[in-house]
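J.: Just passing along the structure, written as structure tokens.
The values are calculated or read from the model by the stated rules, or taken from the named source; none is laboratory data. On a predicted model such as this, the values are computed, not experimentally measured, just so you know. Cβ coordinates were reconstructed from backbone atoms using ideal geometry, including for glycine residues, and neighbour counts include every protein chain displayed. Ligands, DNA and RNA are excluded from the accessible area calculation, which covers all protein heavy atoms including side chains. Shrake-Rupley method; radii C 1.70, N 1.55, O 1.52, S 1.80 Å.
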Amino acid sequence: MDGPIQAIVVHGGAWSIPSEARAAHRAGCLAAAERGFGVLSAGGSALDAVVAAIELLEDDPTFDAGRGSVLSAEGRVQLDAGLMDGRTLHVGAVANVHRVAHPIRLARVVLERSGHHLLVGEGAEQFAIAQGLALVEPDSLVVDRERQRYADFLAGRIATEDDFGGHDTVGAVALDGDGQLAAGNSTGGVAFSLPGRVGDAPVPGVGYVADSRTGGVACTGWGEHILRVALATRALIALEGGADAGDAAREALGVLERSVQGRAGLIVLDRHGRVGLAHSTQCLAHAYRRTGMTEAVGGTEAATASSGPSRRPPR
Ligand code: GLY
């Protein structure tokens, strides 16, 4: 194929997505992949595409990110997001914000304008105000589904996320026409968690990583496990060692399983635009599109799907 390859892959969480919720997860991921690919096609950067795709997922109440996030033990949203530019290896991330409708947008502002990489809580929100990003009422990010779950939690009918199957971080990895990669994640974290809890999603090298010399990775699953093995870096190291995108994702999952008996999902995009998908959870909501495809493809199960022959897009 002549000309540069552009590609984007997104995820909408790795967990036991109930069958009645799968269509919405698939539709949300497809829409986000199309949004991101549209940005790339219009000449946007990988960073632009990742942010645009994740913003769409943050707006979609289907997912545990932005509006629709699960509630903490205190009964409010607790949001994290992070973003890495594979060209410069610069990072922007925020954790434990409550009044930010698009944490990934704030993460980008941290990356570009703060001189820091990770801002948390009140300081992150004050930085948002200083940079002209409007804050919202935390309640505007809470949907009825999560209000009901929290009521069930308070009434003792459910105690942990396991009682309703899990949650869905969202994320994306993109390759632009200049051969640059970016990766990011956004999440409402784990339901009923302690105030101040931060998982893998905003932590570079753990929940996401991008290096334009190699590839980009975004992870989803239970952050307490992912943090302990720096999961995204495991996949990147496998890519650097010559693994293809699918094998890199599977190797990382193998480390997670052997080391901490964890389960997760990964999306991987190598510098040639080859997609890898792998999950050891029941489902991985995902979608991708690359140059040469007429539309995004995706779904909620990628058990055998990886960048192996059955899913490797045309070169
Ligand atoms: N993977 C998202 C979290 O555990 O917060």
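J.: Residue 255 is checked against (1) within 18 Å of residue 90 (Cα to Cα); (2) of a type in the set (A, V, I, L, M, F, W, C); (3) open to solvent by 10 Å² or more (accessible area, probe 1.4 Å) and fails just one. What number does that condition carry?
T.: Of everything listed in (1) within 18 Å of residue 90 (Cα to Cα); (2) of a type in the set (A, V, I, L, M, F, W, C); (3) open to solvent by 10 Å² or more (accessible area, probe 1.4 Å), residue 255 misses just condition (1).
J.: Here's something else I'd like to know. Could you say whether any residue in the range 234-249 is in contact with a strand residue (DSSP E or B) (Cβ under 6 Å, 6 or more places away or on another chain), within 12 Å of the ligand (Cβ to nearest atom) and modelled with pLDDT of 95 or more?
T.: For the range 234-249, residues in contact with a strand residue (DSSP E or B) (Cβ under 6 Å, 6 or more places away or on another chain), within 12 Å of the ligand (Cβ to nearest atom) and modelled with pLDDT of 95 or more: absent.
J.: Need pairs with beta-carbon distance below 6 Å; first residue farther than 9 Å from residue 186 by Cβ and of a type in the set (Gly, Ala, Ser) and within the range 47-68, second open to solvent by 10 Å² or more (accessible area, probe 1.4 Å) and not in a loop (DSSP other than H, G, I, E, B); sequence gap 6+ or separate chains.
T.: Within 6 Å, the pairs are 49/39; 52/35; 52/39; 53/35.
J.: Consider residue 280 against the criteria (1) under 30 Å from residue 149 (Cβ atoms); (2) open to solvent by 20 Å² or more (accessible area, probe 1.4 Å); (3) at pLDDT 95 or above: it satisfies all of them except one. Which criterion is unmet?
T.: (3)
J.: Residue check, residue 231 against (1) in contact with a Lys or Arg (Cβ under 7 Å, 6 or more places away or on another chain); (2) closer than 21 Å to residue 95 by Cα; (3) without any contact (Cβ under 8 Å) to a residue 40 or more places away in the chain, all met but one. Which one?
T.: (1)
J.: What are the pairs with Cβ atoms under 7 angstrom where one residue, in the range 135-150, is open to solvent by 40 Å² or more (accessible area, probe 1.4 Å) and the other, located anywhere, is assigned to a helix (DSSP H, G or I)? Sequence gap at least six, or different chains.
T.: Short answer, once both residue conditions are applied: 135/125; 135/128; 135/129.
J.: Just to be sure before I move on: is residue 149 outside any strand (DSSP E or B) and over 20 Å from the mean Cα position of the chain (by Cα) in the structure I sent?
T.: yes
J.: Regarding residue 143, is this residue closer than 23 Å to residue 24 by Cα and within 16 Å of the ligand (Cβ to nearest atom)?
T.: It is false that residue 143 is closer than 23 Å to residue 24 by Cα and within 16 Å of the ligand (Cβ to nearest atom).
J.: State yes or no: is residue 164 surrounded by 14 or more Cβ atoms within 10 Å (Cβ to Cβ), away from the ligand (no atom under 16 Å from the Cβ) and modelled with pLDDT under 95?
T.: So residue 164 fails the test.
J.: Then there's this: Please determine whether any residue of the range 15-24 is at pLDDT below 95, of a type outside the set (Asp, Glu) and within 15 Å of the chain's Cα centre (by Cα).
T.: yes
J.: Scan the range 201-223 for residues that are within 13 Å of the ligand (Cβ to nearest atom), open to solvent by 10 Å² or more (accessible area, probe 1.4 Å) and modelled with pLDDT of 95 or more and report the count.
T.: So the count comes out to 2.
J.: Would you mind stating whether residue 81 is touching a residue at least 60 places away in the same chain (Cβ under 8 Å), away from the ligand (no atom under 16 Å from the Cβ), within 14 Å of the chain's Cα centre (by Cα) and within 30 Å of residue 290 (Cβ to Cβ)?
T.: no
J.: Return the total of residues in the range 85-110 being in contact (Cβ under 8 Å) with a residue 60 or more places away in the chain, open to solvent by 20 Å² or more (accessible area, probe 1.4 Å) and among the hydrophobic types (A, V, I, L, M, F, W, C).
T.: So the answer is 1.
J.: Being more than 10 Å from the ligand (Cβ to nearest atom) and either farther than 18 Å from residue 97 by Cα or among the small types (Gly, Ala, Ser) (or both): is that true of residue 121 here?
T.: Judged against the criteria, residue 121 is a match.
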